[in-house]
1. Run the numbers on the chain and let me know its relative contact order in percent, using alpha-carbon pairs under 8 Å that are six or more apart.
2. In the calculated pair distance distribution of the chain, what percentage of Cα-Cα distances lie above 21 Å?
3. Which residues' amide hydrogens lie under 5 Å from the amide hydrogen of VAL37, considering only partners 5 or more residues apart or on another chain, with H built in the peptide plane?
4. What does the charge add up to near GLU71, with Lys and Arg as +1, Asp and Glu as -1, over the other residues with Cβ less than 14 Å from its Cβ?
5. Between the stretch 1-32 and the stretch 111-173, what is the separation of their alpha carbon centroids in Å?
6. In Å³ and rounded to a whole number, note down the convex hull volume per residue for the Cα atoms of the stretch 125-177.
7. Label 7 Å along Cα→Cβ of ALA93; the stretch 122-166 residues with amide nitrogen under 11 Å?
8. Name the residues whose placed amide hydrogens come within less than 5 Å of the amide hydrogen of GLY92, ignoring near sequence neighbours (fewer than 5 apart) on the same chain.
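FYI, it's all coordinate maths here, none of it is from the lab. Note that the structure is predicted; figures quoted are calculated from it, not measured. Here the Cβ is made from the backbone with ideal geometry for all residues, glycine too, and neighbour counts use every protein chain on show.
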Amino acid sequence: MTGIFGGRFDPPHLGHLALARAAIEQLGVDDLHVTVVVDAAHKRSEAAASDRLAMAELTFGALGATVEPEEHRYTVDALDARGDEDPIFLLGADELRDFPTWKQPERVLELARLGVAARPGYALEAGSPRIQVFELEPQAISSSQIRERVRRGETVDGLVAPAVAAYIAEHRLYGAG
């Protein structure tokens, strides 16, 4: 089963990694594609796409994932261009809440099933046979929190993979150094 996990990954963190691992284990994803959106339609990225791509490779490489840039700004356009046969697009429960506001959400569901990570005990109604829910232990991590910690000169140990922390410092991302 092909799984697609797309995002800005500015930077990718251990919560992202936990979601990918849970999808592999619980949904049977055996061909994971992590797509790093070069120019997201909804938010500006702080790090360059090349840096975000490198950090995603450092984060998801151990899972055997294919990490690739995504030039399309909208999920529907990216899925349409990929042409995968019945892939599963991975996202968190918080993103599902905003799904009706996405560009052509009905078409997204025609092109892919949604794999939605829900926290244990968090009631989530799939509402469609094209939406599969899987459990994810809560992760109190966000990319914005990591960027703020780096700006303040605080450690990001335990929030990102050690290689990503080193990459951020070495490349002086998010005000590091």
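1. Over the chain, the number comes to 26 percent.
2. That tail contains 47 percent of the Cα-Cα pairs.
3. Amide H neighbours of VAL37: GLY7, ARG8, GLU70.
4. Spelling it out: positives minus negatives among the neighbours equals -1.
5. 10 Å
6. Hull volume normalised by residue count: 120 Å³.
7. 122-126, 134-139
8. Those qualifying (amide H under 5 Å, at least 5 residues apart or on another chain) are ALA117.
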